[in-house]
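These notes concern the structure reproduced below.
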Amino acid sequence: MKKNEVPQDKSNLESANFKELCYAVDENGEYTTVNSSGWTPKTIALNQAIEDINERVAAAKNRVLNNDVSPIEYYMEYHKMDLGILSSYVGMWQWRVKRHFKPNVFKRLSTKTLKKYADAFDVSIEKLKNIELHEN
């Protein structure tokens, strides 16, 4: 793509005063970098991904409020983590973290273990235990 053909469509990046760095060919036929404010197809894909994430967070919140899962699942979804990432942050095996998704197991966790999760999610133990205290 030529330097003057780099898309400058409206996007989420534009509202935050961010620009995406793209490579393009200049007038001498050499590669150079150009800032782009966005590209419509990419913006549509990003918006869809954000919408999907928000739906997953809302579903996790409902499961916690229905006492189907522990708040760990909600915070994991809220922070866009998966089981592997979360287990590496808290230094536990994935099967152990998944076990902590069970409300009856979560209620029996030690303060030390709860602190690991609270630190990973950057919340207090009190907010970890009660998602209604968490501001979305």
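The values are calculated or read from the model by the stated rules, or taken from the named source; none is laboratory data. Every value quoted in this text rests on a predicted model; they were computed, and no experiment measured them. Here the Cβ is made from the backbone with ideal geometry for all residues, glycine too, and neighbour counts use every protein chain on show.
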*Can you tell me which of 55, 73, 132 is surrounded by fewer than 13 Cβ atoms within 10 Å (Cβ to Cβ), part of a helix (DSSP H, G or I) and modelled with pLDDT of 95 or more?*
55
*Would you please name the residue that is farthest from residue 65 (Cα to Cα), looking only at residues in the stretch 103-127 that are in a loop (DSSP other than H, G, I, E, B) and under 16 Å from the mean Cα position of the chain (by Cα)?*
122
*Of the conditions (1) modelled with pLDDT under 85; (2) more than 18 Å from the chain's Cα centre (by Cα), residue 13 fails just one. Which one is it?*
(2)
*asked:* So if I check each of 60, 49, which one is among the aliphatic types (A, V, I, L, M) and exposed (fewer than 14 other Cβ atoms within 10 Å of the Cβ)?
replied: 49
